[in-house]
Every structure is written in C-alpha cells, then in structure tokens.
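Notes for the one structure printed next.
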Amino acid sequence: MNNISSRLGTPPRFFPAEIDRATADRVELGSLVSDLWRRRSMIVLAVILGGLLAYLAVSRIEPVYSARASFMVDPSRVQLLNADDVVTNPLPDNRLLDSQVAVLQSNLLLEEVIAGFPSDRLAVFDPPDAGPSMRDVVRGQIRALLGMDGSADAVADPLLSPEERWMRRMVGAFRAATDVWREGESYIFNVSVSTGNPELSALMANALVRTYIDQQVRERRASVRDANAFLEDRVAMMSAAVQEAEAAVDEYRAREIADNGVSPGIVEQQLRDLSTQHTLAAADLAAAEARYDQITAVIDEGGISAAADLLTSPFVDALRTQVSELIREDAVLATRVSADHSSRLAIRNQRDLVETELSAEVTNIVGTLRNEMDVARIRTASIGQSLSDLEARLADVSQTTLELRQLERQAAAVRDSYGSLLTRLNETRPVAELQSAGARVVERAVIPGAPSGPRKGLFTALGAAAGFAIALILVFLSVASRPGFARAGELERAAGLPVPAALPGKGRRQPRALLASLRKAPHQPLANGLRRLRGSLFAADGALGASPGGRSLMVTSSVGDEDAISVALGLAHLEARAGRSVVVVDLELHDPRLARALQVRHDPGLAEVLRGAARPEEATAPVPSDGFHLLALSTSDPDLVDAVDPARMADVMAALGDRFDLVVIVAPPVLRAVETLTLAPPVDRTLLVVRQNRTPRGAVMDALRLLRGAGAGPIHLALTMADARAEDRVHGRDAARRHAAA
C-alpha cells in the first residue's frame, strides 16, 4: 500500500477562495420554488384564511361616501398700472404649493367652515348618543393605570367652555374626514370629504373650497387697506418734513450772503473760468517753448540756413527761392564758362548777399519766438497766481458752507422720499377692490351615488396577500433553519474541501435495486454524478491499471443515513464497467448487511482473513452481474476491532491492492463506530458523504477533524440524496469548473 501512495504523489490541493463568488452567493430560486410547491397546501390555506378574515373585518365597517372638489392655484392677475403689487403674487413654486395643503387643513379654516353649518347637520361627526371612541377608552385606561383620573371630563381642558369643546371635537373629526392632495406637479388641488352622509360630504367639500378662496380675498384686501393707511400717515409726516428742510436751507443761504458778501456759487464759477484760462495759457506756453527749442536745436546743428527750412515766413520763402534760382543759374553757366568767369562771380556775389539777408531774417524770427515764449510764461504765471488766490478764498468760504450742504442733502433726501410715498399712495388707493384670491374652482363636488369605502375586494385581496406573505416567510424560515447543507457550494465553503458532485436521490436505496438501476439506465443523473465524482477522485492518478498495484478508496459518513453504501457500490460498478478489477471491503462489524443485500455468501469472510485463518483471495466473492468482488463479514463480530492489529489490516489491503485495480472500503460512520478510525488502513483517497439538508454541519466538521487526526488520505466530499432538478441547474453549469478545481 505504501508503494501505491508514493506512486500517486501529492494530490492537487483545493482552494476555497477560488470558488466563483457570484456562484457561491447566488440564490437557488428553483430549490426555493420546489420547497414552496411541496408546501402548497399550507400556502393556499393561509391565503384563504387571510382573505376571509379581512373580508369579515371589513364587512363590520359602516360605508363611507366621499365627495371631491377641485380648485386651481391661478398665478394670472389683472394689471391696471405699471407698478409693483401691494400684495406680492409670485409664480407658485413647489414649497408654496405644498404649504397650501396645510392651510386647507388648518383649524382656522375648518372652524370657519363648521360655523357655516347648523349643529344638527354635523351630528354625523359627533352623534349625541355616541359613546367614547376606542382612542378615548384606551387613553382612559392608560391614565387609570397611571393613577390619574381617566374620565372623559378629566381629559378635557377645564378652561374650555362646552361650545369650545364641541368645536374642538368637530375640527378633529372634520380634519380626519378630509383629504387634500395635489395633482402631480400641476397647480390643481383636490379636496375630498368622507362621511356617512353623501349629501353632507358634497356640501362640506364645496364649503371648504369656497371658504378657502373667500379667506384669501379678505386677507389680501385687508393687507392693501393696511398698506394705504400706513402710506397716508407717512405722506403727511414727510410733507411737513419737506417744508421744514427747505425753510432751513433758505434761511442759511440768506445768512451766509449777509456774512461773506458773496455766495459760494459765484466763487466756484470764477474758479472754473480761471482754471480754464490757466489750462489754455499753459498749452500756449508749452507750444511756444517746443517751437523755440526745435528752431534753436536746428540752428545749433546745421546753422541758420538749416533753420530756414522750418520757418514758414513769406519773406524767408522768397529769399530761399532766390537762392535756389541763383544756384540753378550758376549750374547752367558752369557748363559753358570757367569758375572765375565774371558772370559766375557776379552770381556768387549776389548769392552771398541773399544768404546774408536770409540769416538775418531767421535771426529776427527766432528772437520773435523767444519773446512770444516769455510773454506766454508771464501770462501763465499771472493766471496761476490769480487761481491760487481764488482757491484760497473759496476754501475760506467753503469752511462756512458745510452746514449748508448738509441741509441741502437732507432736504433732497426728504423730498425724494416724499415723492416716492406720494406716488405709491396714489397707485395703491384703487387696488384694494381689485384683489383676487389667486385660485379658482375647476370642479365642484357632487353628491356621490355609491359608497367609496370600505373597498371589500381590495381589503380581501390584501388579506389574501398578507396570508401568502406570512406563508412564504414561514416556508423560508423552515428552509433557512435546516441543520445541514443545501448546496455543494455551501459545503465547499464550510469544509474547505472539493465537492465534485451532488448525487441525486429521494431516499435510501437498496443495493440490488441501485445496481439494477445503473445497469438499466447507465446515463441517468445518478450515474453522471458518480462519473463526475470518480473523475475528480482519480484525475491526478492517470489511467487505472497503467502501472502495477491498485488504488484504494475509503467511503464513509458522519452519523449514518447518508447512503455511503450506495456511493461505494456505484463507484465500484462504474469501474467494473470500465474493465477494471474492483473489490469492495465492508468494515461494518455490527450489522454486516451488505453481503445479505447483494446475496453474496462469505465463508470464510473478512473476520477469518483478519485473524489469519484464511487468505484474502479465498474470502472475496464476485457480485453477480456487476463485475466487482465483495469482502465482508459473514456474521456480526463487534469484538474484531479489539482483536485485530491495524497492521494486519494494512497487510490485507496491500494484498488486495496487488490483485485488484481498485479497493473500495465501506467504513461505518466516523462519529458512531470506532472501527473506522481503528481498523481503517492508510488509503489513497477518503470520501466523506454528506446528506443534503440532513447531516448536521457540526457533525461534518467533527468527522473531518477526526479523519485528519487519524491520518486519513486526501479527503473529498460528496453530497447525497440531493434535489435532482436543483443540482442539475447548479452542476450543469459548474461541473467543468469543479472538476478543474479539484
């Protein structure tokens, strides 16, 4: 057996973290629907009971008649004057519109509506012979338990008169019977009143809308009248203030002229005139200085003749023309006579005379420019001095006119305020009678012809839905509180080990019936699950029989009733159909019923082999029609676990491994039989089967802990007696992935 284990090598490890998280967290609706279908009788009974109770409860309620009136908040208005409104009427926004619901249900409006009806018409809200309401009874009992007076009189406010108490009850009842809502995002509001009297419902709905509109008109008109009264008082006060301010200004001006001899206005006008003159003189001075500086600069660089080009005097122009003409004549003669010819000498002398006159004229003009510049400088200085003197005088006068300016500003401000108030008063006086409510009726309430509630059909349906919901919750709780694992993914995450297959089934199967079913339908869901399990168990070992020596597999369970025998027989059957030699070893010492179930006689049996009384090949017997062999006890022998050395069991398994390609050991439940951990030899694989929704989670964890502590071979898991349809949905998608992960 050691050579078998060494040949296998280290099996592939399984990492639970590699599980697809979306698949692990997926809710199997098919499984839940199957549970619901199995409990359909309870669900139908709950639906019928809920609907019946709801119908009986609603039938005891008195009918109610609802009447509805509608109005629209209308932002349009009549505009007679181009002026601001006294009462603002902005475009309604959602906050303003939503607040109208509270206004329509306010006690002020409801009291006004109630006051417009005779008290006997409102008896439906407060019948004379009506006893205390359920709320008053409960309130009284609570007050009695707290040691307080629980009577109705004690609950009422002792400071209120009987009429006020009656009005408070009416307002509360009216508000409870009234429903106000807005039509979506529009300006339409609906007012519904529900009472036991259809005529009263229509009258009160119309009265509530009409009172709401009338109240808005009254409030707007009152606001305008208050505004007019305020404006009239303010206009009278401001008129007196204007007269007083203007008189103060006139008196101060007269006193100032008497003291200074001149008014500040005259001094300011003189100052503006001199300032203008000073500006012009400074501009003339700047122009004269620039002209003079330009001429002198040209003379310094090019002489008097160069400066003549910049002067525009007629005499200078004539002299320059003569010079040009003489130069031209000299140039003509130069082509015919020599330079010392008399004609050329005469022209040269005449040219010298003209240039001398030109220089003298330029010098005179430059002197004139200098004189003009000096005159402009003197004039500018004189005007500047006069301006400075006048500014000093104005400063002296201004020191005494600060109070006058303050009085003038005050008078102007008072005059402006008075004009604004007077204009506003004239605009608002005719507005009082033009105020509108900003709302209009779009539909009046009519007397309802049929009761609006209670709606028996709706409440019956709601009761049935409530019964259905309760039944669903109970079914869900029963499914959620199952002790075991519902899906292979749950088992993988909890144990951290591969679960390559979930084997379908509805109960324990007899061994012979199981093998007959596999022979008859070799591709049924159970057979396909066993093939997935077989492929996962021996995927890393290569083909069976490829080398000498066989493999070993121990199939066990946690607490029993997990159908481990069926799994072992199914795997043996498939291996035998594949042409491999297989032996099944039954380690059940207390009740060796596998041999009886398969109708295989053992004489000798496993007990004789372990005690050395027989050889393994003598005790194995073939199973008819299935191609594998069986080694089991012929009779019950519980003492065998103490009488046999585990080493002897290992020798027997080694001998079987030399003869067979696969040794399948069927071990008793780990937590109920000690022989599983005592006699079980070292094996290549250990398969722990778990029954769906039945094997406790703690039992599975304890069995895994014990198997690991006993040094069991690589452990695999299988889920048995699974819901075939649910597992087809799960493993039909994930079989390939689980096979690769294993």
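Numbers at a glance
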{"read-out": "Filter pass, Ser201 being among the hydroxyl-bearing types (Ser, Thr, Tyr), part of a strand (DSSP E or B) and surrounded by 20 or more Cβ atoms within 10 Å (Cβ to Cβ)", "value": "no"}
{"read-out": "Search result, residues across segment 182-196 that are more than 40 Å from the chain's Cα centre (by Cα) and either in a strand (DSSP E or B) or crowded, with 16+ Cβ neighbours inside 10 Å (or both)", "value": "Thr195"}
{"read-out": "Test result for Ala597, over 60 Å from the mean Cα position of the chain (by Cα) and either not in a loop (DSSP other than H, G, I, E, B) or not assigned by TED's automatic domain parsing to the domain that holds Pro511 (or both)", "value": "yes"}
{"read-out": "Flag for Glu62 being modelled with pLDDT of 80 or more and assigned to a loop (DSSP other than H, G, I, E, B)", "value": "yes"}
{"read-out": "Long-range neighbours under 6 Å by Cβ, at least six apart or interchain, first residue at pLDDT below 80 within segment 112-125, second among the hydroxyl-bearing types (Ser, Thr, Tyr)", "value": "Val124/Thr195"}
{"read-out": "Single residue of segment 559-577 satisfying the filter (part of a helix (DSSP H, G or I) and small (Gly, Ala, Ser)) that is farthest from Gly529 (Cα to Cα)", "value": "Ala576"}
{"read-out": "Matching residues, segment 24-42, being at pLDDT below 80 and either touching a Phe, Trp or Tyr at 6+ places or on another chain (Cβ under 9 Å) or of a type in the set (A, V, I, L, M) (or both)", "value": "Ala24, Val27, Leu29, Leu32, Val33, Asp35, Leu36"}
{"read-out": "Among (1) buried (at least 16 other Cβ atoms within 10 Å of the Cβ); (2) at pLDDT 90 or above - the single one Leu45 does not satisfy", "value": "(1)"}
{"read-out": "Residue in segment 545-557 that is buried (at least 17 other Cβ atoms within 10 Å of the Cβ), among the hydroxyl-bearing types (Ser, Thr, Tyr) and modelled with pLDDT of 90 or more present", "value": "yes"}
{"read-out": "Test: residue in segment 338-350 that is part of a helix (DSSP H, G or I), out of contact with any helix residue (DSSP H, G or I) (no Cβ under 8 Å at 6 or more places or on another chain) and within 30 Å of Ala290 (Cβ to Cβ)", "value": "no"}
{"read-out": "Scan of segment 360-391 for residues that are surrounded by fewer than 17 Cβ atoms within 10 Å (Cβ to Cβ) and farther than 18 Å from Ile299 by Cβ, ordered by number", "value": "Asp374, Val375, Arg377, Ile378, Ala381, Ser382, Gly384, Gln385, Ser386, Ser388, Asp389, Glu391"}
{"read-out": "Those residues of segment 688-720 which are within 16 Å of Ala495 (Cα to Cα), touching a helix residue (DSSP H, G or I) at 6+ places or on another chain (Cβ under 7 Å) and of a type in the set (A, V, I, L, M), in sequence order", "value": "Leu688, Val689, Val690, Val700, Leu704, Leu706, Ile715, Leu717, Ala718, Leu719"}
{"read-out": "Any hit, segment 496-513, residues being touching a strand residue (DSSP E or B) at 6+ places or on another chain (Cβ under 6 Å), closer than 24 Å to Arg708 by Cα, modelled with pLDDT of 85 or more and assigned to a helix (DSSP H, G or I)", "value": "no"}
{"read-out": "Flag for Leu515 being buried (at least 19 other Cβ atoms within 10 Å of the Cβ), touching a Ser or Thr at 6+ places or on another chain (Cβ under 9 Å), more than 25 Å from Ser41 (Cα to Cα) and of a type in the set (A, V, I, L, M, F, W, C)", "value": "yes"}
{"read-out": "Residue among Arg487, Arg444 that is under 24 Å from Met721 (Cβ atoms), in contact (Cβ under 8 Å) with a residue 40 or more places away in the chain and not polar (S, T, N, Q)", "value": "Arg487"}
{"read-out": "Scope segment 668-688; condition farther than 21 Å from Arg593 by Cβ, modelled with pLDDT of 75 or more and not hydrophobic (A, V, I, L, M, F, W, C); matching residues", "value": "Pro682, Asp684, Arg685, Thr686"}
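Conditions (1) at pLDDT 80 or above; (2) over 30 Å from Leu104 (Cβ atoms); (3) within 55 Å of the chain's Cα centre (by Cα), marked per residue:
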| residue | (1), (2), (3) |
| --- | --- |
| Gly367 | no, yes, no |
| Gln410 | yes, yes, no |
| Ala413 | yes, yes, no |
| Tyr418 | yes, yes, no |
| Leu421 | yes, yes, yes |
| Arg440 | yes, no, yes |
| Pro448 | yes, no, yes |
| Ser452 | yes, no, yes |
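The values are calculated or read from the model by the stated rules, or taken from the named source; none is laboratory data. All values reported here derive from a predicted model rather than from experimental measurement. Reconstructed Cβ throughout: ideal geometry from the backbone, glycine too, with neighbour counts over all protein chains shown.
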